[in-house]
Amino acid sequence: MFQQARRKLSAICCLTMAGIVLIILLCCLHISEKNMYGQEKALFFLQANAISSDLQDSENISIEWYLRSIGNAQNALSLEIDGIPSILTSVTLPQEQQELLQRLKDAPGQIIHIPSAGTDSAKLEEAFGEYKERNGRFLVMHTRFFVQEHEISATYLYSLGRFQQDVRRQRICFFAIWLVSILALYLFSYAFTSHVLKPLIQNDEKQKHFIAFASHELRSPLAVFKTGLSLLKNSPAADASGRIFSLLDKEMSRMERLIQDLLCLVKMEQADLHFQFQPVCLTDLLQSVYEKYAPLAAEKQICLRCCIPTLPPLQAKEDTACACDPQRMEQAVTILLDNALSYTPAGQEIALRLFGQRGKWCIQVMDTGIGIPDGEKKKIFDRFYRADPSRSQKEHFGLGLSIAKEICAAHGGKISVSDTAGGGSTFTICLPKGTD
Ligand code: ADP
């Protein structure tokens, strides 16, 4: 699905940019061609004016002058003196050029007029234009004037062949640049869309894992229910049913807890879980958690210590006040304490601490239990991750720490884990100080 979306997005992105590049290239091409044409026209006017002024001084006219004036072999010059074609034209000019002059004479309507600086008053007629035919494009000058009572008429054809060749070469060059840019743009678009889609792909992977794990975890209690119910149906003996009911009750609680955890995570993800932020005295909060867990710790023969600032009650209340949702923060601390009690063997100890540090309040749950390998420390905050499933207990789904992490993030805080000196794990929740 993402592969297809990536290809489509890359193509759309590439085509859009290729379109923009094409428009820019066409504009550049148009400007460049206009400049080139302007240069050719300037050259033509220069040559045409030189011919015209040389003709007015008829002493200059010779074969050498004629050949020099024509310049390029593709140009042509026709001269008529008193209406009679000059011998220079018929003798010097190749047949092809002579035919060209004839065609031009036969179709004067095909000349597109070009405005010029103005006609010399000594001349009877002077016109400039552009003539197009299948052999090429030409700039044309036609002039007529009197020199020593002789009427001289001249038609000069200036070939735009070289200009057309340059234009063609330039167009091919621009087209090649455009093709190469399409390839470069496609590669860029592909890398760009891959970068843009990366978080979506990762999110999708996470979602898939989440659903797979959730369905797996929900399937096992259902299997227990099914077996229990079929046992009850087949042998409804009083002693067996008691055990089965207690097993079903246990599985039911397990399933309830899992569903609660899942709902909590989903709600937090959709920002649907509303936090009731208020000034909370952290010493009171930790004291209450400690009191709830002290009996369980004693039952497990674990020494649970509560190390919170020993300030006079009122001062402690004011000094350790923090803006948080008391229920959610208690849930986060409970998760850490619950884990510590689960992964700490009898005879060991757990400490619940509170201390201030550079504008932050830090709540710590330190245990001297089994500890967490370095490679696992980052992963344990992922959903459904259990460092070693064989060591984890059945009531643990691997969701606790991800819930605690989301709660801390919603409070603008952070949760981290490190090793306890001498063995075990220390979880630290850091919250910003202040009650705003
Ligand atoms: P679980 O419900 O499985 O405890 P958590 O998200 O709370 O899920 O914890 C994830 C994993 O982190 C646990 O499976 C366990 O392997 C490891 N873990 C968490 N707390 C501790 C601890 N105090 N000591 C050792 N391992 C721990």
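So, of the residues in segment 379-436 that are at pLDDT 90 or above and part of a loop (DSSP other than H, G, I, E, B), which turns out to be nearest to the ligand (Cβ to nearest atom)?
424
Test residue 164 against the criterion of being outside any loop (DSSP other than H, G, I, E, B), closer than 30 Å to residue 76 by Cα and touching a Gly at 6+ places or on another chain (Cβ under 7 Å), and give yes or no. Before you say what the answer is, go through the steps one by one.
Values: outside any loop (DSSP other than H, G, I, E, B): yes; closer than 30 Å to residue 76 by Cα: yes; touching a Gly at 6+ places or on another chain (Cβ under 7 Å): yes.
In short, yes.
Is there any pair with a first residue in segment 78-89 that is over 11 Å from residue 61 (Cβ atoms) and in contact (Cβ under 8 Å) with a residue 60 or more places away in the chain and a second that is small (Gly, Ala, Ser) and in a loop (DSSP other than H, G, I, E, B) whose Cβ atoms are under 8 Å apart and which are 6 or more apart or on different chains, and what are they?
78/86; 80/86
Could you tell me which of the residues 175, 192, 245 is exposed (fewer than 15 other Cβ atoms within 10 Å of the Cβ), within 30 Å of residue 27 (Cα to Cα) and of a type in the set (Phe, Trp, Tyr)?
Working: 192 fails: exposed (fewer than 15 other Cβ atoms within 10 Å of the Cβ); 245 fails: within 30 Å of residue 27 (Cα to Cα).
Only one candidate qualifies: 175.
Every residue in segment 330-346 that is of a type in the set (S, T, N, Q), near the ligand (Cβ under 9 Å from one of its atoms) and either free of Cβ contacts under 8 Å to residues at least 60 places away in the same chain or in a loop (DSSP other than H, G, I, E, B) (or both), please. Reasoning before the result, please.
The initial filter retains those residues of segment 330-346 that are of a type in the set (S, T, N, Q), namely 331, 334, 339, 342, 344.
Those still in the list that are near the ligand (Cβ under 9 Å from one of its atoms) too: 339, 342, 344.
If the condition is that a residue be of a type in the set (S, T, N, Q), near the ligand (Cβ under 9 Å from one of its atoms) and either free of Cβ contacts under 8 Å to residues at least 60 places away in the same chain or in a loop (DSSP other than H, G, I, E, B) (or both), then 342, 344 are the ones that fit.
List pairs: first in segment 248-272 and surrounded by 12 or more Cβ atoms within 10 Å (Cβ to Cβ), second in a helix (DSSP H, G or I) and among the charged types (D, E, K, R), Cβ under 7 Å, 6+ apart or cross-chain?
Pairs found: 258/217; 265/406; 268/406.
Please enumerate the residues belonging to segment 347-377 that are without any contact (Cβ under 8 Å) to a residue 60 or more places away in the chain and away from the ligand (no atom under 15 Å from the Cβ). Full working, then the answer.
If we filter segment 347-377 for residues that are without any contact (Cβ under 8 Å) to a residue 60 or more places away in the chain, which is where we start, we get 347, 349-351, 353, 355, 358, 367-377.
Within segment 347-377, 347, 355, 358 qualify.
Only one of (1) at pLDDT below 90; (2) closer than 20 Å to residue 401 by Cβ; (3) not hydroxyl-bearing (Ser, Thr, Tyr) is not met by residue 292, so which one is it?
(1)
The values are calculated or read from the model by the stated rules, or taken from the named source; none is laboratory data. As the structure is a computational prediction, the values presented were derived from the model and not from experiment. Positions of Cβ are backbone-derived with ideal geometry, glycine not excepted, and every protein chain shown enters the neighbour counts.
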